[in-house]
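Here the structure comes first, spelled out in structure tokens, and everything after it is commentary.
The values are calculated or read from the model by the stated rules, or taken from the named source; none is laboratory data. Given the structure is predicted, the values throughout are model-derived calculations rather than measurements. Heads up, the Cβs are rebuilt from the backbone with ideal geometry, glycines too, and the neighbour counts pull from every protein chain shown.
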């Protein structure tokens, strides 16, 4: 079970993420209309609209910067679905899971305490106070909706923790074992043209000269690897890996597998450059422990998601597509800078 402080910090994070939202435009909907029914329990259009717009507000900060103001109408995958369509689908799944979990909370011995409910109410009040009337209208927010969203967010976290604790962990030390090497990139296979700003591959003669320089650096590295690392700006540049690693350049991993601890490779031709590496550890205890914790956490999450999927599958869920279609991301949000003190929950 989470501590009071842990819950408080999570609630404060939910509040602060949306502090001082500002936007333009409002959306007229029938808040009392039923948008979703979960085993006969009706969920209002007003609530699902608020959750959707709140989620949109968080994503606007990143999406608009990198994808432009028409992001929600764009079909980036070319599958006929807009970013709004796919995002709304994810949000609807989230809301459905909240009500499914709420219905079975007793089976997992989860009930939010009076203290937690008081924190939720306080956070909701602060949220309403921190945001402009215009932003509140655009979000379709009410204090009750904010409280409800916070309630389900905390409840979901509590139940997930209980379900994950029931998972059978199969990760072994061997599964998590990590080898660690230091690496230096001695040359790329091209460079950016300063005039055009475009990346250009080296011609044959230039590349041959770069390879010759890299080979000389490898010879120096065999006697003083750290000095060459400093020369090329790669001090303390290490990488830990396991046999199933799919992130690092395969050429470097293949070379690392041939080395014993302390040994230094020859020149390695990678996908985008030339490298030299030193195997620092055949079994990195610290990295292996971190990897094991990460693998266990992933296994527990996978178990939770499987249980949740079964619970959802066993639930009678009906979405009123006509009402849900009325929820639109037709105006954007920005998070405005606010120098005023913001209330936090201890």
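General observations
- Region 231-268, residues that are more than 32 Å from the chain's Cα centre (by Cα) and either loosely packed, with under 13 Cβ neighbours inside 10 Å or assigned to a loop (DSSP other than H, G, I, E, B) (or both): 232, 258, 259, 260, 261, 262, 263, 265, 266, 267
- Selection of region 56-74 for residues being exposed (fewer than 13 other Cβ atoms within 10 Å of the Cβ), free of Cβ contacts under 8 Å to residues at least 24 places away in the same chain and in a loop (DSSP other than H, G, I, E, B) yields 68, 70.
- Among the residues making up region 76-106, those that are more than 30 Å from residue 34 (Cβ to Cβ) and within 22 Å of the chain's Cα centre (by Cα) are 76, 77.
- If you go through region 101-135 and keep only what is buried (at least 21 other Cβ atoms within 10 Å of the Cβ) and touching a helix residue (DSSP H, G or I) at 6+ places or on another chain (Cβ under 7 Å), you end up with 101, 110, 119, 120, 123, 124, 127.
- Cross-chain or 6+ apart pairs with Cβ under 7 Å, region 161-180 first and touching a residue at least 24 places away in the same chain (Cβ under 8 Å), then assigned to a loop (DSSP other than H, G, I, E, B) and crowded, with 17+ Cβ neighbours inside 10 Å: 162/110; 178/284; 179/284; 180/284
- Among residues of region 31-55, those that are free of Cβ contacts under 8 Å to residues at least 40 places away in the same chain and assigned to a loop (DSSP other than H, G, I, E, B), counted: 1
- Tally of residues being buried (at least 16 other Cβ atoms within 10 Å of the Cβ) and either at pLDDT below 95 or out of contact with any helix residue (DSSP H, G or I) (no Cβ under 8 Å at 6 or more places or on another chain) (or both) across region 203-217: 4
- Any hit, region 299-307, residues being closer than 21 Å to residue 180 by Cα and either modelled with pLDDT of 95 or more or in a loop (DSSP other than H, G, I, E, B) (or both): no
- Of the residues in region 14-29, at least one is at pLDDT below 85, in the same structural domain as residue 151 (by TED's automatic domain parsing) and within 30 Å of residue 315 (Cα to Cα).
- Counting only helices (runs of 4 or more DSSP H) wholly contained in region 104-187, the ones carrying 1 or more residues that are outside the structural domain of residue 263 (by TED's automatic domain parsing) and more than 30 Å from residue 29 (Cα to Cα) occupy 114-130, 143-165, 173-176.
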